[in-house]
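Have a look at the structure below, then the notes.
The values are calculated or read from the model by the stated rules, or taken from the named source; none is laboratory data. Fair warning: this is a prediction, and the values are worked out from it, not measured in the lab. Cβ coordinates were reconstructed from backbone atoms using ideal geometry, including for glycine residues, and neighbour counts include every protein chain displayed. When the accessible area is computed, the model is the full protein with side chains, heavy atoms only, and any ligands, DNA or RNA have been set aside. Shrake-Rupley method; radii C 1.70, N 1.55, O 1.52, S 1.80 Å.
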Amino acid sequence: MGREERRSGDLAGLMGYLLGHKKILRNPYTGTAHLMLFWGLAIPVLIVVLAQFRFAMPDIVAGILSLFLDVLGTAMLAGTFFFLVRRIKSTDSGTPKRTVFPLVVLLIILLTGFLAAGARISIIHHGFSWSSPVGWLVSLVLPNSPLFMQFMIRIHFFLVLFFIAILPFTFMSHIAAAPLNVYYRKKGPRGEMKPVSLEKGIIGAGTVLDLTWKQLLDAESCVSCGRCEENCPASASGKPLSPRKVMGDILTQMEDVRRCGNDPVNPSFPVLEDAITYDEIWACTTCMACVEQCPVFIEPMDKILDMRRYQVLGRGLLPTEARSMIRDVEIFGDVNGKGSAHRGDWALNLGVPHISDEGLNPEILLWVGCSGAFHPKYQETTRAMVRILKAAEVRFGILGKEERCCGDAARRLGNEEVFLDLAAKNIASFNKYHIKKIVTLCPHGFNTLKNEYPALGSNPRSGSRTSFEVIHAVEFVLRLIEQKKIFPKYPVDKRMAIHDPCYLGRVNNIYEPLREISSSVPGIDLKELKRNRANAFCCGGGGGRMWLHENIGQNINHLRAQEIQESGIELVGTACPYCLTMLEDGIGALEMENPPRVMDIIEIVASSLRRVY
Ligand code: SF4
Ligand code: SF4
């Protein structure tokens, strides 16, 4: 089961994550409990092997090994108890048989182990045993009974065998699946959607048979810990989507398919949309919080996006609200339906050169994007960027009428065909003007150009790779400040916090430049929002959600706006047109007496420059 997908392994990375529990320890309580359980299981296996040579080793060594077993057994008992309580409390995840039962078995194994050790000590010892302090404590309350000891040893032994036998059928299978998943984790650009060929039949995922082996391994590796769900903005705002449930549903369908056979024509063959509904699929903002948080590198998001692809290209079921936008990008090349003739209107009287202007010899192409070209508020940011570039005497140009929508929203709304068409036109323009360096304002355009276009090659349908450097505006402007090409001078006396856009932060790991650039502006008192950097809460506009109605649960932007309100700041700095719009709307809805202002950081820098063009 599972379609082909090329993945290379990474043993060194696996060892780092496994032995040090780097990602799991992000949550200190569950991380420590898991560490205790992991080492409590791994080391005793080694010691039990060594203990077979007990008669051949000095007493002191045997005693130390026994002490190790005693201490690690206690750690493991504590870890098992912690996870058991946690699982029992969260039985709403719908997986108690898979998760609670094996933990109960493990708990009994550990308890019978200590009872057997205690019974042995009560029979052969008459005082404190340094090599088994916990066993000695247990022995104080046990009868001096060889029968009881034999009984405990047998229960312990047979339960260990039983535990090994049930491993593949419970979430304990993650002992094998999760390390494999870490070994084969995604190593390329995190924000790149899996390329698909339109010529190869089914697009996206209608059943589990359409998922790749790695996507199925993801489902096998899920321990249903719920970290993805806790951080998912859709779940947090009361929408039916839970990335944990998505993974659980896929696993259940894999088991159903194993039972009823790999025959999709069979009327009882399960289809994904039976379990994962329309409202779930379209609630995802592609914020990548689930991917960021998962301790075993599972990517619930790519399954959701593959399901969208199937809904749109396989069944023609794009949500009604998004249809006009998709039609606009198809016909006019922009999400606003204004047309390429107006794409350069924002630059009227600004003297912005076209990339092909004679004698320009451009260093960079300024990628304007649909929002930068047409959204009245974000046009201000584009103009601010122009002021900065001119102040720094950077030779730049734009594509003007030849620029098209980057295709991010169309792709994430499942329309690969429209995305490929837009990408082909843009790449043709890059080739025409021999573009080598592009600076973008919008993080969605940044991600698409940087991480998705190169895989499409100079001819997006041919598959050969092409390359050009893509830099986000905050990084580029920070370089200009560091190179002393511009000098933010006029103070912006505000208590300010950064709202990390998902497509800059979690998707492309750009966090510090936003803070460094803001700190270079005199007067700014930089604070942090409660959820920041990799834990930042989404604005709700990504994944094409800007064009969808939010009629279930709370509005995601209202939740983020409340967090901003509680922080008591006066200015929110961000670096994304979607975040700017969503946060302005969210803050507006709170009807505060003195609402904080939302600005793009590029505009903040431009307002602090000495020379205004
Ligand atoms: S996908 Fe990852 S984070 Fe989510 S429940 Fe499964 S293991 Fe936990
Ligand atoms: S990408 Fe974000 S919205 Fe989508 S499932 Fe993951 S956490 Fe939820």
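Observations on the model:
- Backbone phi angles across the range 210-218, fed through the Karplus curve with coefficients 6.51, -1.76 and 1.60 (θ = phi - 60°), yield HN-Hα couplings of 7, 7, 7, 4, 6, 5, 6, 5, 3 Hz in residue order; Gly and Pro are listed as x.
- Close amide H pairs (under 5 Å, H built 1.01 Å from N) link VAL470 with ILE438, residues at least 5 positions away or on another chain.
- Using bins of 5 Å that start at zero, the share of Cα-Cα pairs per bin across the range 162-314 amounts to 2, 9, 18, 21, 22, 16, 8, 3, 1, 0, in whole %.
- Trypsin sites (Lys or Arg not before Pro) within the range 306-362, DSSP loop, no more than 14 other Cβ atoms inside 10 Å: ARG315
- Where chymotrypsin sites (Phe, Trp or Tyr not before Pro) fall in DSSP loop in the range 333-386, at most 12 other Cβ within 10 Å: none
- Accessible surface for the chain, divided over its residues, is 44 Å² per residue with a 1.4 Å probe.
- Of all beta bridges that DSSP places with both ends in the chain, some 5 percent have antiparallel geometry.
- Normalised per residue, the volume of the convex hull around the Cα set of the range 502-613 (Å³): 127
- The eigenvalues of the Cα gyration tensor, multiplied by 5 and square-rooted, give the range 203-253 an equivalent ellipsoid with semi-axes of 21, 13, 8 Å from largest to smallest.
- Overall, the chain carries a charge dipole of about 1020 debye about its Cα centre when +1 sits on the Cβ of Lys and Arg and -1 on the Cβ of Asp and Glu, all other atoms neutral.
- Sum of side-chain charges, LYS436 neighbourhood, beta-carbon under 10 Å (Lys, Arg +1; Asp, Glu -1): -1
- Percent carbon-and-sulfur accessible area, the range 218-318, ignoring ligands, DNA and RNA, probe 1.4 Å: 53
- Against the rule of thumb 2.2 N^0.38 Å, how large the Cα Rg of the range 505-558 comes out: 1.45
- Cross-link partners of LYS245 among lysines (Cα-Cα below 29 Å; sequence separation of 8 or more within a chain): LYS22, LYS23, LYS89, LYS97, LYS186, LYS187, LYS194, LYS214, LYS303, LYS530
- Look at the dipole of the chain built from charges on Cβ: of SER324, PHE537, ILE175, the Cα furthest out on the positive end belongs to ILE175.
- Once the Cα gyration tensor of the range 416-554 is diagonalised, semi-axes √(5λ) in Å: 31, 23, 11
- Peptides ranked, highest mean first, by Cβ atoms within 10 Å: ranges 506-517, 197-208: 506-517, 197-208
- Relative contact order of the chain, taken over Cα pairs closer than 8 Å and 6 or more residues apart, is 12 percent.
- Environment charge at PRO595 (Cβ cut-off 10 Å; Lys +1, Arg +1, Asp -1, Glu -1): -3
- Think of it this way: in the chain, CYS222, CYS225, CYS232, CYS260, CYS284, CYS294, CYS370, CYS405, CYS406, CYS442 stand alone, with no other Cys Cβ under 4.7 Å.
- The chain gives an Rg/Rh value of 1.06, both radii derived from C-alpha positions and Rh following Kirkwood.
- For the range 414-431, 3J(HN,Hα) computed residue by residue from phi via the Karplus equation (6.51, -1.76, 1.60; θ = phi - 60°) reads x, 9, 5, 4, 5, 4, 4, 5, 5, 4, 4, 5, 5, 5, 4, 5, 4, 5 Hz, glycine and proline entered as x.
- Both radii are taken from the alpha-carbon atoms of the range 341-388; with Rh as the Kirkwood radius, Rg/Rh is 0.95.
- Solvent exposure ordering (accessible area, 1.4 Å, most first) of GLU380, GLU229, GLU292: GLU380, GLU229, GLU292
- Over the range 347-425, relative contact order from alpha-carbon pairs under 8 Å, at least 6 apart, %: 33
- For THR212, the amide hydrogen comes within under 5 Å of the amide hydrogens of ARG3, counting only partners 5 or more places away or on other chains and with H modelled in the peptide plane.
- Hz values of 3J(HN,Hα) by residue in the range 107-119 - Karplus curve (6.51, -1.76, 1.60), Gly and Pro given as x: 4, 5, 4, 5, 5, 5, x, 5, 5, 5, 5, x, 5
- The peptide list 153-163, 469-479, put in order of mean Cβ contacts within 10 Å with the highest first, becomes 469-479, 153-163.
- When the trypsin sites (Lys or Arg not before Pro) in the range 518-587 are filtered for DSSP coil states and for at most 14 other beta-carbon atoms within 10 Å of their beta-carbon, the remaining sites are LYS530.
- Base-10 log of normalised Debye intensity for the range 300-386 (one unit scatterer per alpha-carbon) at q = 0.11, 0.15, 0.16, 0.21 Å⁻¹: -0.48, -0.74, -0.79, -1.01
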